[in-house]
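Asks: The structure is given below, and queries will be raised subsequently.
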Amino acid sequence: VSDEFELIDWIQKCQRTNSPLITLGIGDDLAALKWPADDLLLVGVDQVIDGVHFDSKIHSMNQIGRKAMNRNLSDCAAMGCLPAAAVAAVALPRELSLDRAKELCAGLRQAGDAFQCPIIGGDTASWSGKLVLSVTILGKSAGIKPVSRSGARPGDAIFVTGPLGGSILGRHMTFEPRVKLGREIAPIATAMIDISDGLSRDLSQICRAAGVGAMIDASLLPIHPDAAELSRRDGIPSLDHALHDGEDYELLFTSAGEFPKAIRIGQITSEPGIFIRGNDGVSRPLVPRGWEHQIGP
Ligand SMILES: [Mg+2]
């Protein structure tokens, strides 16, 4: 990008927030927020890199900006908190045009706006490397106890909020963060995580954090049509795609109660180890195999 000042001017002009939390937004050395005394501040950071999480030759700048923000919003969903504001740091390839850089920032902002999460600061730099975006999100507990990963108890049911697998066909760029659902689930959940690394890997995080195990029922697992499509192309069973593919961004949670909007897929066990009961009734160890998408060369 040749004219960073013009970009920063433009970003500043499009900023509009009516959030009562924001005392100072973009334009000063730091932003300032007035935080309610009885509210917990939750903080997280997440980055996306060209060639790892997206491919700038295939995906639009708007989509890339949206993904960077939506991954952070999905982390808010996983904690049951509400997004409050975000700051973003962008390393722009020197040859990227000003218009494409604006499109990137617009994508970030539009994804945040959908959840009343304004961008209140950031940093841009041009360099000879690939596009990298890092977003730091601030969330508020807003009356709900944040849900950690470590509270699963033997006997709890295991739920997911939607069908899994094959997100690489496109959903990994266009998913909707489950912020509203996360708020509804939080009061009844004992543990929660968003599925970014694949069900098997993210479930193992929950089990390890609580020193418990899990039994998944293959017949209950919701398999996304994309997993079936991918299976036709690569010959790997669609069940394996649903179990191990990353970047579904559905919520995975455990609860002693019921939650009709989610799908029950199994149960937490006191014996450590994760098993899957097949359609033949036989239980086999489920070895975590989740992976981060390697997009591009
Ligand atoms: Mg997460």
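Here, each number is a calculation from the coordinates, and none is a lab measurement. Nothing here was measured: the structure is a model prediction, and the numbers come from that model. In this analysis, Cβ positions are derived from the backbone assuming ideal geometry, glycine residues included, and neighbour counts consider all displayed protein chains.
Asks: Restricting to DSSP H runs of at least four residues, report the calculated mean residue ellipticity at 222 nm for the chain, -39500 (n - 2.57) per run over all residues, nearest 500 deg cm²/dmol.
Replies: Details: 8 runs with 86 residues, N = 297.
Calculated at 222 nm, the ellipticity per residue is -8500 deg cm²/dmol.
Asks: If you don't mind, another one. Quick one: how many lysine pairs does the chain have with C-alpha atoms less than 19 Å apart and a gap of 8 or more or different chains? Give me the count, please.
Replies: 12
Asks: Expressed in nm to one decimal, what extension gain is obtained for the pair ASP240 and TRP10 from 0.36 nm per residue of sequence separation less their Cα-Cα distance?
Replies: Contour length minus the Cα-Cα distance gives 78.2 nm.
Asks: So, one more: About the Cα centre of region 137-194, what is the dipole size in debye to 20, counting +1 per Lys and Arg Cβ and -1 per Asp and Glu Cβ, all else neutral? Walk me through the numbers on the way to the answer.
Replies: On the way: 8 positive and 4 negative charges, 34 e Å.
Dipole of region 137-194, to the nearest 20 debye: 160 debye.
Asks: Would you mind checking which residues have amide H under 5 Å from ILE223's amide H? H placed 1.01 Å from N; only 5 or more apart, or other chain.
Replies: For ILE223, the qualifying residues are LEU164.
Asks: Grab the Cα-Cα distance for LYS57 and GLU271, subtract it from 0.36 nm times how many residues apart they are, and report the gain in nm with one decimal.
Replies: Here the segment from LYS57 to GLU271 would lengthen by 72.3 nm.
Asks: How would you classify region 75-127 from its alpha-carbon gyration tensor, with a ≥ b ≥ c the square roots of the eigenvalues: rounded for a/c under 1.5, else prolate if a/b is greater than b/c, otherwise oblate?
Replies: prolate
Asks: For the chain, the longest stretch holding no GluC sites (Glu not before Pro) located in a DSSP loop with at most 16 other Cβ atoms within 10 Å is which?
Replies: Details: sites that count: GLU95, GLU258, GLU292.
The longest uninterrupted stretch comes out as 96-257.
Asks: Could you work out how far the C-alpha centroid of region 57-112 sits from that of region 13-45, in angstrom?
Replies: Region 57-112 and region 13-45 have Cα centres separated by 18 Å.
Asks: What shape does region 143-297 take by its C-alpha gyration tensor, where a ≥ b ≥ c are the square roots of the eigenvalues and a/c under 1.5 counts as rounded, a/b above b/c as prolate, and the rest as oblate?
Replies: On the way: a/c = 1.76, a/b = 1.25, b/c = 1.41.
The shape class here is oblate.
Asks: Compute, for region 72-193, the length of the dipole vector about the Cα centre, with Cβ point charges of +1 (Lys, Arg) and -1 (Asp, Glu) only. Units Debye, rounded to 20.
Replies: 200 debye
Asks: How far, in degrees from 0 to 90, does helix 4-14 lean away from the longest principal axis of the Cα atoms of the chain, to the nearest 10?
Replies: 70 degrees
Asks: Output the peptides 196-202, 279-285 sorted from most to least packed, where packing is the average of other Cβ atoms within 10 Å over each peptide's residues.
Replies: With the highest mean Cβ count within 10 Å placed first, the list reads 196-202, 279-285.
Asks: Stretched out fully, how many nm does the piece from LEU41 to SER97 gain, at 0.36 nm a residue minus the Cα gap?
Replies: Values: separation 56, 0.36 × 56 = 20.16 nm, distance 3.66 nm.
Length difference between fully extended and current span is 16.5 nm.
Asks: Please say if the chain is rounded, prolate or oblate, where rounded means a/c under 1.5 for a ≥ b ≥ c the square roots of the C-alpha gyration tensor eigenvalues, and otherwise the choice is prolate for a/b larger than b/c and oblate otherwise?
Replies: oblate
Asks: Then there is this: Roughly how many nanometres apart are two label points built 7 Å out from the Cα toward the Cβ at ILE49 and GLN116?
Replies: Result: 3.6 nm between the two label points.
Asks: Assuming R0 = 30 Å, what is the FRET efficiency of VAL287 and LYS180, from their Cβ-Cβ distance, to the nearest 0.05?
Replies: So, using R0 = 30 Å, E works out to roughly 0.35.
Asks: In addition: Listed highest first by mean packing, meaning other Cβ atoms within 10 Å per residue, what order do 119-130, 152-163 come in?
Replies: The peptides rank, most packed first, as 152-163, 119-130.
Asks: Using only alpha carbon pairs under 8 Å that are at least six residues apart, calculate the relative contact order of the chain and give it in whole percent. Spell out each step's value before the answer.
Replies: Working: 713 pairs, mean separation 67.3, N = 297.
Once normalised by length, the contact order is 23 percent.
Asks: Still on this model: Of PHE5, VAL282, GLY165, which is farthest on the positive side of the dipole of the chain, counting Cα position, with +1 on Lys and Arg Cβ, -1 on Asp and Glu Cβ, and the Cα centre as origin?
Replies: VAL282
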